[in-house]
Amino acid sequence: MRPKYKRVILKLSGEALAGNKGFGLDEETLDSIAMQIKEIIALGVEVSIVVGGGNFWRGRSGKGMDRTTADYMGMLATVINGLALQDALESMEILTRVQTAIEMRQIAEPYIRRRAVRHLEKGRVVIFAAGTGNPYFSTDTTAALRAAEIEAEVILLAKKVDGVYDSDPHINPNAKKFETLTYIDVLNKGLGVMDSTATSLCMDNNIPIIVFGLDEPQNIYRVITGENIGTIVREE
């Protein structure tokens with residue numbers, strides 16, 4: 001099977017790494033993701049990953065706390081997830097590098113675009129942690145920014161839902177799922193695929209976004225090989 005994409009950014013939310021636990025890390029979920037990544041690397045795909053930190057901390061969780069401090073705490077949570085994912089990948093003999101936007105040399109490389117691209121060219125998985133290194137920017141924006149910088153062909157947005165709906169499918173059983181959307185649709189309808197900064201960045205750089213569920217095994221492989229699952233956001 002030939003892959004549809006050569007270089008991708010996989011965006012994993014912190015909640016996705018928690019599995020059904022809702023908090024912390026789920027080993028089975030980590031192993032499942034690592035196995036799926038191993039399968040697409042075998043196809044020759046260059047894989048980079050942006051991880052969220054919501055399974056430990058969200059910036060807006062710190063009620064009454066200084067927003068900047070709360071956001072930096074969220075960035076540190078993404079580093080925990082990045083290291084856990086690196087460990088799961090390396091246990092399957094996949095060469096992996098963690099690069100952080102905040103320098104912490106004892107545990108990860110600082111983010112350097114040229115070095116990240118070189119790692120990808122050598123077949124290594126690169127995990128981008130600590131967001132953009134700046135408060136007030138989400139890890140969605142990190143995914144869009146890194147995708148533009150490393151010239152990724154697509155952002156794979158792995159979530160706990162299997163696509164984009166017009167309302168919350170967990171609350172509304174009649175929620176309608178979209179197969180395709182434009183960036184303008186997402187912004188105008190406030191669909192919450194990514195935040196507006198990330199969506200605008202993808203629109204400006206013409207980077208398609210595929211939103212799909214992580215619960216089904218093989219879904220990452222299916223998306224990479226061109227199967228139409230989830231929702232794709234792109235230009236008209």
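Determine which member of the set L187, L214 is farther than 16 Å from K159 by Cα and either modelled with pLDDT of 95 or more or not β-branched (V, I, T) (or both).
Working: L214 fails: farther than 16 Å from K159 by Cα.
Being farther than 16 Å from K159 by Cα and either modelled with pLDDT of 95 or more or not β-branched (V, I, T) (or both) holds for just one of L187, L214, which is L187.
The set of residues in the range 45-97 being farther than 13 Å from A130 by Cα, under 17 Å from the mean Cα position of the chain (by Cα) and among the hydrophobic types (A, V, I, L, M, F, W, C) consists of V45, V47, F56, A84, L85, A88, L89. Residues in the range 1-44 that are in a helix (DSSP H, G or I), under 15 Å from the mean Cα position of the chain (by Cα), of a type in the set (A, V, I, L, M, F, W, C) and within 15 Å of I94 (Cβ to Cβ): L30, I33, A34, I37.
Applying the condition of being of a type in the set (S, T, N, Q) and touching a residue at least 12 places away in the same chain (Cβ under 8 Å) to the range 157-196 and asking which residue is farthest from T231 (Cα to Cα) yields T182. Scoring G19 on the criteria (1) crowded, with 19+ Cβ neighbours inside 10 Å; (2) in contact with a Gly (Cβ under 9 Å, 6 or more places away or on another chain); (3) at pLDDT below 95 leaves a single failure, condition (2).
Scan the range 104-128 for residues that are farther than 24 Å from Q36 by Cα and either among the polar types (S, T, N, Q) or assigned to a loop (DSSP other than H, G, I, E, B) (or both) and report the count. So that I can check it myself, show each step before the final result.
Of all residues in the range 104-128, those farther than 24 Å from Q36 by Cα come to 104-107, 109-115.
With either among the polar types (S, T, N, Q) or assigned to a loop (DSSP other than H, G, I, E, B) (or both) added as a condition, the list becomes 104-107, 111-112.
Count: 6.
Here the condition is being surrounded by 15 or more Cβ atoms within 10 Å (Cβ to Cβ), of a type outside the set (A, V, I, L, M, F, W, C) and either closer than 22 Å to R146 by Cβ or touching a helix residue (DSSP H, G or I) at 6+ places or on another chain (Cβ under 8 Å) (or both); of N219, N205, it holds for N219 alone. Residues that are without any contact (Cβ under 8 Å) to a residue 24 or more places away in the chain and touching a helix residue (DSSP H, G or I) at 6+ places or on another chain (Cβ under 7 Å) within the range 5-25 comprise just one, G19.
Among the residues of the range 139-170 satisfying the criterion of being of a type in the set (S, T, N, Q) and at pLDDT 95 or above, which is nearest to T69 (Cα to Cα)? That would be T139. Of all positions in the range 36-44, none carries a residue that is surrounded by 15 or more Cβ atoms within 10 Å (Cβ to Cβ) and of a type in the set (G, A, S). Of the residues making up the range 68-103, those that are within 17 Å of T139 (Cβ to Cβ) and in a loop (DSSP other than H, G, I, E, B) are A101, I102.
Table: residues versus (1) closer than 24 Å to G19 by Cα; (2) out of contact with any strand residue (DSSP E or B) (no Cβ under 8 Å at 6 or more places or on another chain).
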site	(1), (2)
V79	yes, no
R105	no, yes
I112	no, no
A116	no, no
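How many of the residues in the range 192-236 are farther than 20 Å from K177 by Cα and touching a strand residue (DSSP E or B) at 6+ places or on another chain (Cβ under 9 Å)? Residues in the range 192-236 being farther than 20 Å from K177 by Cα and touching a strand residue (DSSP E or B) at 6+ places or on another chain (Cβ under 9 Å): 6 in total.
The lone criterion from (1) in contact with a Gly (Cβ under 9 Å, 6 or more places away or on another chain); (2) under 29 Å from E103 (Cβ atoms); (3) charged (D, E, K, R) left unmet by D204 is number (1). For the range 127-151, a tally of residues being over 12 Å from the mean Cα position of the chain (by Cα) and closer than 19 Å to L83 by Cα returns 3.
The values are calculated or read from the model by the stated rules, or taken from the named source; none is laboratory data. Note that the structure is predicted; figures quoted are calculated from it, not measured. Every residue, glycine as well, gets a Cβ built from its backbone with ideal geometry; the counts of neighbours run over all protein chains shown.
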